[in-house]
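Novice: One structure follows; several queries about it will come next.
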Amino acid sequence: MIRFEAVSKIYRPFLGRAVTAVEGLSLDIAAGEVLGIAGPNGAGKSTLIALLLGFLRPSAGRVRVAGLPPRRYVERHGVGYLAELVHVPPRWRAHEALVRYAVLAGLPAREARAAAARAAERLGLAEHRHKRVKALSKGTLQRLGLAQALFGEPRVLVLDEPTHGLDPVWTRRFRDVVEELRGPDRTIVIASHNLDELERLADRVAILDRGRLQRVVGVGARAAADADAGAPQRYRVVVAAGEAALRRAFPDARLVAPGELEVRVDGLAALNGGLARAIAAGALVAAVAPARSPLEAHFHAALGAAGEGDA
C-alpha cells in the first residue's frame, strides 16, 4: 500500500549547512497493517510523515501510496491525518468544527451534521459540543483532532502522537478505536514516543535514528519469538512464597525487591523450566514479566548500534 524506495530528504537553508533529515530509507507498509514509528527527538519521524502525506518531496528516491505519488493519492482519495499539535480556530465551537471538517472531507452538507454528531458520540465530545475550542482541555482537543481524521473512512490513516494529552480512560478507548479501524483495506501509521502504546497497537514498529531506518521489528507474539531466538533475556519474577526455591532454580537471580527477583535466561524454554522447578519445590509465583519489553530492548539496541556505526 505504501512504499518508500531509497528515500532521502535534505534541507538546504539559504544560509548555513545542509541537514539530512532522512537518508536512504526503504520501507514497505502493507494494506491492513498497523505500523508504528519510533525514535528519539530529531530521528526523522516528522519528516517521514511529511513525505508520506506529500507535504515534502524527497531529495532522492521516491514515495508511493497505492502506486501513486502521495499528493496525487491524497487529492484523489484523501488521507486521515492527526497532527501532533492540533490547531483549530479558537473561536469555533466544537460541533461547528466537526461539521466543517466533515464538509472538507467531502461529505455533502446535508450529511455533515449527522456525521459530526456520530463522531462526537464516538469520541466523547457530545457534552462539549457547544464549547469554544479555546475552552477545551488538551485531551478533548486531541479527541476532536482524531474525530476529524476519521471522516470519510480513509484507507490511509496517519496519527502523530495520538495519545498525547489523553487521560488513562481515553488512552484505553483510543486502543479500542484503532482495533475498530483495523481492516484488510486500511493502512494505519502511528508515530509515538510511547513504546508501550506502540507495543499494544502495532503489528510492526520501524525504529529511526539520525534519519536512518535502524530496524523494523514485530511486536506482541512475534516480538516474543524474536527475543526467544536472540540474546539472553531478563525477566522479573514475583513470588508470594518460596523465594529460596526460586533462587535455587535460578542461581544467578538478583533480588530487586522483597519477593521479586530478576532472572537471566537463554530463551523461553529455560525460563519455563526454571519456573517449573521452583514451583515443584514450593514456590508460589504471582507474576512474570520481561524486565524490559521486547520493543524497548530492540529500541535501545538499535540506537546503540546506530551510535557505534557513527563512531
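Novice: Determine whether Ala244 is assigned to a strand (DSSP E or B), modelled with pLDDT of 90 or more and more than 26 Å from Ala302 (Cβ to Cβ).
Specialist: no
Novice: Can I ask one more? Limited to region 275-301, what total is found for residues that are surrounded by 14 or more Cβ atoms within 10 Å (Cβ to Cβ) and assigned to a helix (DSSP H, G or I)?
Specialist: The qualifying residues number 11.
Novice: In this structure, is Ala6 outside any strand (DSSP E or B), surrounded by fewer than 18 Cβ atoms within 10 Å (Cβ to Cβ) and among the hydrophobic types (A, V, I, L, M, F, W, C)?
Specialist: Spelling it out, it is not the case that Ala6 is outside any strand (DSSP E or B), surrounded by fewer than 18 Cβ atoms within 10 Å (Cβ to Cβ) and among the hydrophobic types (A, V, I, L, M, F, W, C).
Novice: Which members of region 243-267 meet the condition of being under 23 Å from Pro294 (Cα atoms), surrounded by 15 or more Cβ atoms within 10 Å (Cβ to Cβ) and among the aliphatic types (A, V, I, L, M)?
Specialist: Ala253, Leu261, Val263, Val265
Novice: Mind telling me which of the residues Val79, Val22, Val65, Val34 ends up being over 22 Å from Ala302 (Cβ atoms), surrounded by 22 or more Cβ atoms within 10 Å (Cβ to Cβ), in the same structural domain as Pro154 (by TED's automatic domain parsing) and touching a residue at least 60 places away in the same chain (Cβ under 8 Å)?
Specialist: Only one candidate qualifies: Val65.
Novice: Right, another one. If you take the residues of region 81-104 that are closer than 25 Å to Lys45 by Cβ and part of a loop (DSSP other than H, G, I, E, B), which of them is farthest from the chain's Cα centre (by Cα)?
Specialist: Here the answer is Val88.
Novice: Moving on. Please give the number of the condition Leu136 fails out of (1) at pLDDT 90 or above; (2) within 22 Å of the chain's Cα centre (by Cα); (3) crowded, with 20+ Cβ neighbours inside 10 Å.
Specialist: Answer for Leu136: the failing condition is (2).
Novice: If the Cβ limit is 9 Å and pairs must be 6+ apart or interchain, which residue in region 86-109 that is of a type in the set (A, V, I, L, M) pairs with which residue that is in a strand (DSSP E or B)?
Specialist: Ala94/Arg132; Ala105/Gly80
Novice: If you don't mind, another one. When only residues in region 178-199 that are free of Cβ contacts under 8 Å to residues at least 60 places away in the same chain and surrounded by fewer than 17 Cβ atoms within 10 Å (Cβ to Cβ) count, which is nearest to Ala31 (Cα to Cα)?
Specialist: Leu181
The values are calculated or read from the model by the stated rules, or taken from the named source; none is laboratory data. Owing to the predicted nature of the structure, the values given are computational and were not obtained by experimental measurement. Cβ atoms come from the backbone with ideal geometry, glycine included; neighbour counts cover every protein chain shown.
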